1. For the stretch B:10-59, name all the residues that are farther than 28 Å from A:D50 by Cβ, assigned to a strand (DSSP E or B) and more than 7 Å from chain A (Cβ to nearest Cβ).
2. Can you tell me which residue within the stretch A:23-53, out of those that are surrounded by fewer than 17 Cβ atoms within 10 Å (Cβ to Cβ) and hydrophobic (A, V, I, L, M, F, W, C), is nearest to B:I66 (Cα to Cα)?
3. Restricting attention to the stretch B:61-73, which residues are touching a residue at least 24 places away in the same chain (Cβ under 8 Å) and more than 8 Å from every other protein chain (Cβ to nearest Cβ)?
4. For B:I15, indicate whether it is at pLDDT below 95 and either within 18 Å of A:G36 (Cβ to Cβ) or acidic (D, E) (or both).
5. Within the stretch B:22-73, can you find the residues that are polar (S, T, N, Q) and either under 9 Å from the mean Cα position of the chain (by Cα) or closer than 19 Å to A:L56 by Cβ (or both)?
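The values are calculated or read from the model by the stated rules, or taken from the named source; none is laboratory data. Owing to the predicted nature of the structure, the values given are computational and were not obtained by experimental measurement. When we count neighbours, we look across all protein chains shown, and the Cβ atoms used for this are built from the backbone with ideal geometry, even at glycine.
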Protein chains: 2
Amino acid sequence: RAVARMGTELRCQCIATHSKFIPPKSIQDVKLTQSGPHCKNVEVIATLKDGREVCLEPTAPWVQLIIKAILAK
Amino acid sequence: RAVARMGTELRCQCIATHSKFIPPKSIQDVKLTQSGPHCKNVEVIATLKDGREVCLEPTAPWVQLIIKAILAK
């Protein structure tokens, strides 16, 4: 189902990015989407444990640290 | 819909990880899922441009490089 959804997402998903730090323990997952014909931006979408989805800025140092922290567990 | 799906995934999604290098340009997106009550492992699932979903090893250096490459674009 996720794949079917991907196939139909033909636009950017993020219109703005969340600028405040989010503690890694409140994050459920993080999806990194490459730029491409559907969207010229790299998009980073975090799903929080409370179900909210927030867009993060791929170049923000704290975003890169959170990703590193998830991978290092 | 993605959120609803998340709420119902109560198990690990990966039973094995792909060990060979995948060129970043064939990757559409990468999802990092934290460990938690549903699964004791950190899971990294890449969706390829051809629609396939593959599980990657979070600690593999090439996986970390691919993630860095996506973020740096």
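1. Hits for the stretch B:10-59 are B:H18, B:L48, B:V54.
2. Restricting to residues being surrounded by fewer than 17 Cβ atoms within 10 Å (Cβ to Cβ) and hydrophobic (A, V, I, L, M, F, W, C), the top hit is A:C39.
3. B:W62, B:I66, B:A69
4. Answer is no for this residue.
5. B:Q28, B:T33, B:Q34, B:T47, B:Q64
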